[in-house]
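Down below is the structure, laid out as structure tokens.
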């Protein structure tokens, strides 16, 4: 009986080890690489600490504005970019649109304090796979990152109804009339940058910036800087 018991015990150990080996082989061979894009260092630090505690995730870069996010994404090709919607110089919406072109493998998870449908709609249309509110729990944050990493969509429950209502309207957005460069110029104008500031930031001539401004106002049928600013706010380009 003792010998039989030992044999059974030995077989059980062999089977357990086989299960563990199979489970190990089923694990991803490398962690999900993540870039954090947020203009607040404290926010980035908080996200980094949460992600660093996960065995299957690795933060490979941190950036503070949309332009840096596009540049880093092109070089590093991360699996996921956790993207703040509203950032200086180049907002998260336009940055997302560009990242989908320079790094098609990178999936964007938008993070924002805004529940307004306009922010959700615009960044999803730009190519983001998910939208998470910044006051969400750590559990929700990790669930969103994991979902987006494998190509699934993720929406905070608090914004899902607003998104559905917005899509039901099927309203054509005038911002679609603008090119990527014109949207960039529009944001900088709305941020109170002068033509010279914009020219320096985008490596353009002042004359070219003035031409962009004229085309933007013509396409949108707007006639003053105040109207441009209000349009930019309504379409989530600035706070």
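The values are calculated or read from the model by the stated rules, or taken from the named source; none is laboratory data. Predicted model only: the values in this text are computed from it and were never measured. For neighbour counting, all protein chains shown are included, and Cβ atoms are generated from backbone atoms with ideal geometry for every residue, glycine included.
Here are a few things to note about the model shown:
- The residues on offer are 201, 232, 190, 211, and the sole one that is under 23 Å from the mean Cα position of the chain (by Cα), farther than 30 Å from residue 115 by Cβ and either surrounded by 12 or more Cβ atoms within 10 Å (Cβ to Cβ) or at pLDDT below 90 (or both) is 201.
- Among helices (runs of 4 or more DSSP H) entirely within region 83-195, having at least 3 residues that are farther than 22 Å from residue 35 by Cβ singles out 117-126, 157-169, 180-190.
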